[in-house]
């Protein structure tokens, strides 16, 4: 099932995808059907009782690592993001004035489904609740070599669109065998600029869950953004960026100023 | 928040500032132009302490079995209210596995389960002169460090302004204002069995005992 969180009629609602429409699932609107363009899309994540841990990978696709002139990392290159950087599908992301290189990053996002501590690779998928699409924007003008990638590049307001759907892990595993078998694509104003495949990750999803859960306990709702493949390009104000992952969704974002 | 009987507990994202004391900045300044840094930091250097690190004052902090000693990072922290206003101050211990390099994000050094001691008491910011606070760090009753917030690179309001240039603090978020190093560039260390106390005038002390991992 594909789950969404939306704002409509003055309130926030849980919904699922049903025959190309949104079907609201909770009282008093349970059963109500809405068109996709009738609602405001929020990140498809239920609220959590304390700060959500958002881990994001850098250089996790061999081709992207090469593109950025680094050798492939020997262990995951990971940084942490604050929840406040997340925004939903069809939202506006702010491009600062005067910057020269702001690029999208189409990433498979893993949503943890149950408390994960000392998890072994073999069992890692048991701890995944679902998958969604993240666009982990970066502004290279602000890159500095201190705890790189630094927060001014990666933890900006509005700069992490996520959604539209949280797709149940079982659906992806049943349809594709695993999340390591999905194509990724980004278009800018309809033109394909980034193409890749999750099988090319350097550290796959089970490896990442084993690596992180060895020293940090992950909670339901925590996120792992698994990195982006080759093909990032600068985007300008007004550009419409669609980050697509096979079976997971098409996440639409527009740059504003 | 005055006389608040409920212990403070972070609900938002906990951010921390690296290199915010002049002593550490000056000690590292000669390396700053060199690789891999290739220049002094311009924007504040930040990190996040994830929720799995939070440990209440009085509770034990586990040192992983493959680690001999950990850094004690005594911090005064700000707690944000609505509209990114600073509401309260709290003492925290930003525990880290010692690491020399500040090139890559320190997740495996700083986001280990239990690695943030959190003071039980959040004091109203109106009752605290942030940039004049002096913290005392004791290990097993012996004073090992005094941290004076008059010695920062960015005073608290300047730090907040420079961070707010690119991100907005949400209600419940926390900002660690920085931890100082000792004259040798290192931080006080704790090993299994040590009792670490961070105190400041007017604050209830933050106390955590460090223990080994269960076999």
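Which of the residues that make up the range B:132-147 are touching a strand residue (DSSP E or B) at 6+ places or on another chain (Cβ under 7 Å) and closer than 15 Å to residue B:89 by Cα? Let's see the steps before the verdict.
Kept after step one, since they are touching a strand residue (DSSP E or B) at 6+ places or on another chain (Cβ under 7 Å), are these residues of the range B:132-147: B:133-140, B:143-147.
Residues satisfying the conditions are B:133, B:134, B:135.
Checked against the criterion of being more than 30 Å from residue A:208 (Cα to Cα) and within 14 Å of chain A (Cβ to nearest Cβ), the range B:84-102 has at least one qualifying residue.
Quick one: is residue A:237 over 30 Å from residue B:64 (Cβ atoms) and over 18 Å from the mean Cα position of the chain (by Cα)?
On the way: over 30 Å from residue B:64 (Cβ atoms): yes; over 18 Å from the mean Cα position of the chain (by Cα): yes.
Yes: the conditions hold for residue A:237.
Looking only at the range A:167-199, residues that are buried (at least 17 other Cβ atoms within 10 Å of the Cβ) and either modelled with pLDDT under 95 or over 19 Å from the mean Cα position of the chain (by Cα) (or both) come to 0 in all.
Residue by residue, here is whether (1) crowded, with 20+ Cβ neighbours inside 10 Å; (2) within 20 Å of residue B:201 (Cα to Cα) holds:
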| position | (1), (2) |
| --- | --- |
| B:148 | no, yes |
| B:152 | yes, yes |
| B:155 | no, yes |
| B:161 | no, no |
| B:164 | no, no |
| B:172 | no, no |
| B:178 | yes, yes |
| B:184 | no, no |
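Counting only strands (runs of 3 or more DSSP E) wholly contained in the range B:106-156, the ones carrying 2 or more residues that are more than 28 Å from residue A:150 (Cβ to Cβ) occupy B:134-139, B:142-148.
Exactly one residue among A:99, A:78 is modelled with pLDDT of 95 or more, in contact with a helix residue (DSSP H, G or I) (Cβ under 6 Å, 6 or more places away or on another chain) and part of a loop (DSSP other than H, G, I, E, B), and that residue is A:99.
Confirm whether residue A:104 is within 14 Å of chain B (Cβ to nearest Cβ) and crowded, with 23+ Cβ neighbours inside 10 Å. No; evaluated as a whole, the condition is false for this residue. Taking the criterion of being in a strand (DSSP E or B) and over 15 Å from the mean Cα position of the chain (by Cα), the only residue of the range B:45-60 that qualifies is B:60.
If I go through the range A:30-69 residue by residue, how many of them are surrounded by fewer than 17 Cβ atoms within 10 Å (Cβ to Cβ) and either under 16 Å from residue A:221 (Cβ atoms) or modelled with pLDDT of 95 or more (or both)? Working first, answer last.
Step one: of the range A:30-69, the residues surrounded by fewer than 17 Cβ atoms within 10 Å (Cβ to Cβ) are A:30-33, A:35-38, A:40, A:46-49, A:62-63, A:66-69.
Within this subset, residues satisfying the condition of being either under 16 Å from residue A:221 (Cβ atoms) or modelled with pLDDT of 95 or more (or both) are A:30-33, A:35-38, A:40, A:46-49.
Total satisfying the criteria: 13.
Restricting attention to the range A:127-163, the residues that are outside any helix (DSSP H, G or I), touching a residue at least 12 places away in the same chain (Cβ under 8 Å) and either within 14 Å of chain B (Cβ to nearest Cβ) or touching a helix residue (DSSP H, G or I) at 6+ places or on another chain (Cβ under 8 Å) (or both) total 16. Within the range B:16-39, restricting attention to residues that are within 8 Å of chain A (Cβ to nearest Cβ) and crowded, with 16+ Cβ neighbours inside 10 Å, the residue that is nearest to the chain's Cα centre (by Cα) is B:18.
For the range A:78-101, which residues satisfy the criterion of being more than 17 Å from the chain's Cα centre (by Cα) and facing chain B (nearest Cβ under 9 Å)? Even if it seems obvious, please write down each step before you answer.
Just the residues of the range A:78-101 that are more than 17 Å from the chain's Cα centre (by Cα), to begin with: A:94-101.
Scanning the range A:78-101 gives a single hit, A:96.
Looking at the range A:114-126, can you tell me whether even one residue there is away from chain B (no Cβ under 13 Å), exposed (fewer than 15 other Cβ atoms within 10 Å of the Cβ), within 21 Å of residue A:213 (Cα to Cα) and without any contact (Cβ under 8 Å) to a residue 40 or more places away in the chain? Looking through the range A:114-126, at least one residue is away from chain B (no Cβ under 13 Å), exposed (fewer than 15 other Cβ atoms within 10 Å of the Cβ), within 21 Å of residue A:213 (Cα to Cα) and without any contact (Cβ under 8 Å) to a residue 40 or more places away in the chain. Sub-6 Å Cβ pairs linking a first residue in the range A:177-191 that is on the phi > 0 side of the Ramachandran plot to a second residue that is in a strand (DSSP E or B), at least 6 apart or interchain, are A:189/A:240, ordered by first then second residue.
Residues of the range B:64-77 being assigned to a strand (DSSP E or B) and crowded, with 24+ Cβ neighbours inside 10 Å, which ones?
Taking the range B:64-77 first, the residues assigned to a strand (DSSP E or B) are B:70-71, B:74-77.
Residues satisfying the conditions are B:70, B:74, B:75, B:76, B:77.
The single condition from (1) touching a strand residue (DSSP E or B) at 6+ places or on another chain (Cβ under 9 Å); (2) in a loop (DSSP other than H, G, I, E, B); (3) at the interface with chain A (Cβ under 9 Å from one of its Cβ atoms) that residue B:42 fails is (1).
One line per residue, one yes/no per condition, for (1) assigned to a strand (DSSP E or B); (2) away from every other protein chain (no Cβ under 14 Å):
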position	(1), (2)
A:210	no, no
A:220	no, no
A:224	yes, no
A:229	no, yes
A:232	no, yes
A:236	no, yes
A:242	yes, yes
A:247	no, yes
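Of all residues in the range B:83-101, how many are in a loop (DSSP other than H, G, I, E, B) and crowded, with 21+ Cβ neighbours inside 10 Å?
1
Of all residues in the range B:103-120, one or more are within 25 Å of residue B:22 (Cα to Cα), buried (at least 17 other Cβ atoms within 10 Å of the Cβ) and more than 15 Å from the chain's Cα centre (by Cα).
The values are calculated or read from the model by the stated rules, or taken from the named source; none is laboratory data. This structure is a prediction, so every number in the text was calculated from the model and none was measured. So basically every Cβ, Gly included, is an ideal-geometry build from the backbone, and we count neighbours across all protein chains shown.
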